[in-house]
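**Q** Got a structure for you, written out below as structure tokens; questions coming shortly.
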Amino acid sequence: MTITALVTVLLKHVGLLVAGAFVLLTISPVQELNFKKNSIYNRLFLIIFFGLFGILGTYSGNAIFHSIANLRAMAVVTAGLFGGPAVGFGAGLLAGGHRFVIDPWGFSAFPCSLATILEGVIAGYIHLRYKERSMDWIKAMIIAFAGETMHMLLVLLLSRPFDQALELVQVIALPMLIGNTLGAGLFVHVIKSLHEFREKKDSTQAQKIFDIANNTVRYLRGGLTMETAMATANIIHQRMPVAAVAITSASHVLAHVGAGGDHHLAGKPIRTNATRKVIATGKAIFLRSSTHIGCNHSDCPFHSAIIVPLKKSGAIVGTLKFYGSMDIELNRIQFEIAKGLTDLFSIQLELEDIQIKDKLLAHAEIKHLQAQINPHFLFNSLNTIASFCRTTPDKARELILDLSLYMRKNLDSSRGFVKLESELEQINSYLAIEKARFGELIQVQIDVEPGCNDWPIPSLIIQPLIENGIKHGLRSREGGGTISLIIMRSMNMLEVIVRDDGKGIDQEVLSSLLVDSGLQSHSEGIGLRNSNQRLKQFFGAEFGMQINSSPGKGTSISFKIPRMEDYALSPAG
């Protein structure tokens, strides 16, 4: 056979081997190969995988002078670059050992087998040096070319008689250099391209999951209800190429969006046997026939379904379902997306319980706060009213009404959120009593931007700050001073500023005031500390209070409250 004909034969077999590798690498379980698996089982699998391709490479050429023109190097070089020295050596030993076994007495058997092993080991050490950057087609071609050059030199050095070895090398050197060099480059390029494609696919899948989760999280905070399920199903259906999306409880359909809505009705008991099976077993399933879905409606359009359980604290509370039809088929990627979404949804449903506990704790803290404020304030107020009863009865009646309004608002405020208007009424009642006690020592300035009165705010969030400002700022300052309340809109936030020109706060005390340390005694600034803690419980740490103070120059406390339409207002609000 001429050199040109041998080159042609080897290049044809390069194409066949690379095409075969591509097909195998796109199906399970071979497609699970990646750069991060270092287990003994994975390495054995790689050795066998590339070793077998090395063996196939032995049969890719023709017998020449009792030797074989081959493509073993393209497989073992790729093995070493992909899996390191152990995989390169193993694949080389498998392919090279096979070469020796099939013709142990051939005059070139030993150098050919040895060259195959050395090529795998050398490529493996290149992997150690360059790590992930080792999977480069240029590096593969250089190593294969150098390896096959070494191969030819070993044949010349170790094969006898020398004249036959020289004649053999003159015929097979160029074809094997070309075939293995191009083959190694193509083999590495195919594996790297498939790996990058899978990474991109996984990234797209993750992005889709996070996009859906980001848009549904605000609904699932309210628990698994028909309203939240419908909103969630709509969001998923808009973003996923499926015929329909359904969400169920453990017994009823909560939402169904898409095809089949004429008989898969929200609020009705679950129709399909498959859904009941998932709820009973807690195992996700992918069904590919209408028979397995088990809908008893004669015109049901669904031919495939993905059903994944929704869990809360380990218990099955419902399911998420994707349906496919004749026109819209489901696939394994959607199955994985569904499982990822239910994991996120389950976490959010568990967080709902935590949020409820936080709100209950916040309400309990309000009651505790009231229990500390009311006795002090009530005792002092009654003494003030008693003094006015003797001198100015009309003023005493006004103060009794202010005290009555203040106490009623204070009792109502333990229920949660109120309108700003209601909080301001309570503040005005409180200030009227304080001004009656201290007269001109306390000046008040209140500036509220129009249109803010109906803004929902946590109850008893501003009044304690006003009280702290008067008690610790103004009353302890000779000559009194001014307490200011400024409320305005800032984008979609309500900005609140409480300011006084009193004695200020020492830096040591200031640094400890906003530290979350539970409820403290009334004398230690309970108003500021607990108002701040409740703000963060309701809205997040970023909504905590900002405080600026200098001894002798006063104190300014500011915070922002987002517009939260879904918070229930107390009857007082």
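**Q** Looking only at the range 486-510, filter to residues that are surrounded by 21 or more Cβ atoms within 10 Å (Cβ to Cβ) and of a type in the set (A, V, I, L, M, F, W, C); which one of those is nearest to PHE438 (Cα to Cα)?
**A** Here the residue is VAL498.
**Q** Residues being part of a helix (DSSP H, G or I) and under 14 Å from LYS208 (Cβ atoms): count how many of those fall in the range 290-341. Can you show your working first?
**A** Narrowing the range 290-341 to residues part of a helix (DSSP H, G or I): 290-293, 332-341.
Those still in the list that are under 14 Å from LYS208 (Cβ atoms) too: 333-341.
Within the range 290-341, residues that are part of a helix (DSSP H, G or I) and under 14 Å from LYS208 (Cβ atoms) number 9.
**Q** Another one. Quick check on the range 419-440. Is at least one of its residues at pLDDT 75 or above, part of a helix (DSSP H, G or I) and more than 30 Å from LYS503 (Cβ to Cβ)?
**A** Filtering the range 419-440 down to residues at pLDDT 75 or above leaves 419-440.
With the extra rule that they be part of a helix (DSSP H, G or I), the set shrinks to 420-440.
From the residues that got through so far, the ones that are more than 30 Å from LYS503 (Cβ to Cβ) too are 421-422.
Yes, that holds for at least one residue.
**Q** Where the second residue is modelled with pLDDT of 80 or more and hydroxyl-bearing (Ser, Thr, Tyr) and the first is farther than 13 Å from LEU310 by Cβ and lies in the range 214-228, which pairs have Cβ atoms under 8 Å and are six or more apart or on separate chains?
**A** As it stands, the answer is TYR219/THR228; TYR219/THR232; GLY222/THR228, since those pairs meet every condition given.
**Q** If you don't mind, there's one more thing I want to ask. Out of the residues in the range 175-205 that are in contact with a helix residue (DSSP H, G or I) (Cβ under 8 Å, 6 or more places away or on another chain) and over 24 Å from ALA75 (Cα atoms), which is modelled with the highest pLDDT?
**A** Residues of the range 175-205 that are in contact with a helix residue (DSSP H, G or I) (Cβ under 8 Å, 6 or more places away or on another chain), as a first pass: 175-192, 194, 198, 201, 205.
If we keep only those that are over 24 Å from ALA75 (Cα atoms) as well, we get 201, 205.
On the way: LYS201: 69, GLN205: 64.
Filtering first and then ranking leaves LYS201.
**Q** Continuing with the same structure: Looking only at residues in the range 109-159 that are surrounded by fewer than 19 Cβ atoms within 10 Å (Cβ to Cβ) and hydroxyl-bearing (Ser, Thr, Tyr), which one is nearest to ALA173 (Cα to Cα)?
**A** By that ranking, first place goes to THR149.
**Q** Additional query: Of the conditions (1) touching a Lys or Arg at 6+ places or on another chain (Cβ under 7 Å); (2) at pLDDT 65 or above; (3) of a type in the set (S, T, N, Q), SER404 clears all except one; give me its number.
**A** The one condition SER404 does not meet is (1).
**Q** Among the residues of the range 237-249, what is the count of those that are hydrophobic (A, V, I, L, M, F, W, C) and modelled with pLDDT under 90?
**A** First, pick out the residues of the range 237-249 that are hydrophobic (A, V, I, L, M, F, W, C): 240, 242-247.
Add one more test, that the residue is modelled with pLDDT under 90, and what stays is 240.
Total meeting the criteria: 1.
**Q** Quick check: anything in the range 194-202 under 22 Å from VAL18 (Cβ atoms), touching a residue at least 24 places away in the same chain (Cβ under 8 Å), of a type outside the set (D, E, K, R) and part of a helix (DSSP H, G or I)? Can you show your working first?
**A** So the first thing to find is which residues in the range 194-202 are under 22 Å from VAL18 (Cβ atoms), and the list is 194-201.
Of the ones still in play, those that are also touching a residue at least 24 places away in the same chain (Cβ under 8 Å) are 194-195, 198, 201.
Now narrow it down to the ones that are of a type outside the set (D, E, K, R): 194-195.
So of that shortlist, the ones also part of a helix (DSSP H, G or I) come out as 194-195.
Yes, some residue in the range 194-202 is under 22 Å from VAL18 (Cβ atoms), touching a residue at least 24 places away in the same chain (Cβ under 8 Å), of a type outside the set (D, E, K, R) and part of a helix (DSSP H, G or I).
**Q** Go through the residues of the range 461-479 one by one and say whether even a single one is within 20 Å of GLN546 (Cα to Cα) and part of a loop (DSSP other than H, G, I, E, B).
**A** yes
**Q** Shifting gears a bit: Among the residues of the range 256-276, count how many are more than 13 Å from TYR323 (Cβ to Cβ) and either assigned to a loop (DSSP other than H, G, I, E, B) or in contact (Cβ under 8 Å) with a residue 24 or more places away in the chain (or both). Working first, answer last.
**A** Narrowing the range 256-276 to residues more than 13 Å from TYR323 (Cβ to Cβ): 262, 265-270, 273, 276.
Now restrict to residues that are either assigned to a loop (DSSP other than H, G, I, E, B) or in contact (Cβ under 8 Å) with a residue 24 or more places away in the chain (or both): 262, 265-268, 270.
Residues that pass the stated criteria total 6.
**Q** Turning to a different aspect of this structure: I'd like to check something: does the range 70-83 contain any residue that is farther than 23 Å from HIS189 by Cβ, touching a Ser or Thr at 6+ places or on another chain (Cβ under 7 Å) and not in a helix (DSSP H, G or I)? Give the derivation first.
**A** So in the range 70-83, the residues farther than 23 Å from HIS189 by Cβ come out as none.
No, the range 70-83 contains no residue that is farther than 23 Å from HIS189 by Cβ, touching a Ser or Thr at 6+ places or on another chain (Cβ under 7 Å) and not in a helix (DSSP H, G or I).
**Q** Taking the stated definitions as given, is ALA146 within 30 Å of HIS127 (Cα to Cα), outside any loop (DSSP other than H, G, I, E, B) and of a type outside the set (Phe, Trp, Tyr)? Show your work before the answer.
**A** Details: within 30 Å of HIS127 (Cα to Cα): yes; outside any loop (DSSP other than H, G, I, E, B): yes; of a type outside the set (Phe, Trp, Tyr): yes.
Considered against the rule, which asks whether it is within 30 Å of HIS127 (Cα to Cα), outside any loop (DSSP other than H, G, I, E, B) and of a type outside the set (Phe, Trp, Tyr), ALA146 comes out as yes.
**Q** Scanning the range 223-251 for residues that are within 21 Å of GLY314 (Cα to Cα) and surrounded by fewer than 15 Cβ atoms within 10 Å (Cβ to Cβ), which turns out farthest from the chain's Cα centre (by Cα)?
**A** Restricting to residues being within 21 Å of GLY314 (Cα to Cα) and surrounded by fewer than 15 Cβ atoms within 10 Å (Cβ to Cβ), the top hit is SER251.
The values are calculated or read from the model by the stated rules, or taken from the named source; none is laboratory data. Since the structure is predicted, the reported quantities are computational estimates derived from the model, not experimental observations. When we count neighbours, we look across all protein chains shown, and the Cβ atoms used for this are built from the backbone with ideal geometry, even at glycine.
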